[in-house]
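Step one of this worksheet: look at the structure below.
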């Protein structure tokens with residue numbers, strides 16, 4: 001088992017990801033804001049793309065804590081990782097800022113995307 005860490009942003013806008021490589025599979029926790037927590041969990045499995053049989057896609061199931069909005073973030077991350085690395089993937093997501101404005105959410109999303117870019121660039125060397 002390998003443990004890798006990634007981060008982007010500062011202060012309440014920091015987004016962190018801890019990634020475990022479990023054999024050929026991936027388990028990631030993506031948290032941040034002023035209150036990291038568990039807001040949603042996604043499990044994605046790779047499959048042949050329905051549009052192009054030469055490509056790998058993925059399907060995902062998501063469980064979201066009532067009232068939380070991390071389901072789309074967890075799902076998107078799990079789908080990207082499962083399809084890219086052709087492995088079973090879980091993603092736990094929990095990013096929160098009290099009374100977040102649209103600008104706060106945009107900055108957090110930008111930092112989430114930066115963390116995902118780092119993971120996608122680096123992780124292949126560890127699988």
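The values are calculated or read from the model by the stated rules, or taken from the named source; none is laboratory data. For clarity, every value in this text was computed on a predicted model and none was experimentally measured. As a convention, Cβ positions derive from the backbone with ideal geometry for all residues, glycine included, and neighbour counts pool all protein chains shown.
Evaluated against (1) under 17 Å from residue 123 (Cβ atoms); (2) in contact (Cβ under 8 Å) with a residue 60 or more places away in the chain; (3) touching a helix residue (DSSP H, G or I) at 6+ places or on another chain (Cβ under 8 Å), residue 27 falls short on exactly one condition, (3).
When residue 81 is tested against (1) assigned to a helix (DSSP H, G or I); (2) in contact (Cβ under 8 Å) with a residue 60 or more places away in the chain, only condition (2) is not met.
A Cβ distance below 7 Å, combined with a sequence gap of six or more or placement on separate chains, defines the contacts here; from region 98-122, residues that are at positive phi and loosely packed, with under 11 Cβ neighbours inside 10 Å reach no residue that is at pLDDT below 95 and in a helix (DSSP H, G or I). Of all residues in region 1-55, those being in a strand (DSSP E or B) and exposed (fewer than 15 other Cβ atoms within 10 Å of the Cβ) number 7. Per the conditions (1) at pLDDT below 95; (2) under 13 Å from the mean Cα position of the chain (by Cα), the sole criterion not satisfied by residue 54 is (2). Considering only residues in region 71-84 that are touching a helix residue (DSSP H, G or I) at 6+ places or on another chain (Cβ under 7 Å) and surrounded by fewer than 22 Cβ atoms within 10 Å (Cβ to Cβ), the one that is nearest to residue 125 (Cα to Cα) turns out to be 84.
In region 61-70, the count of residues that are buried (at least 21 other Cβ atoms within 10 Å of the Cβ) and not in a strand (DSSP E or B) is one or more.
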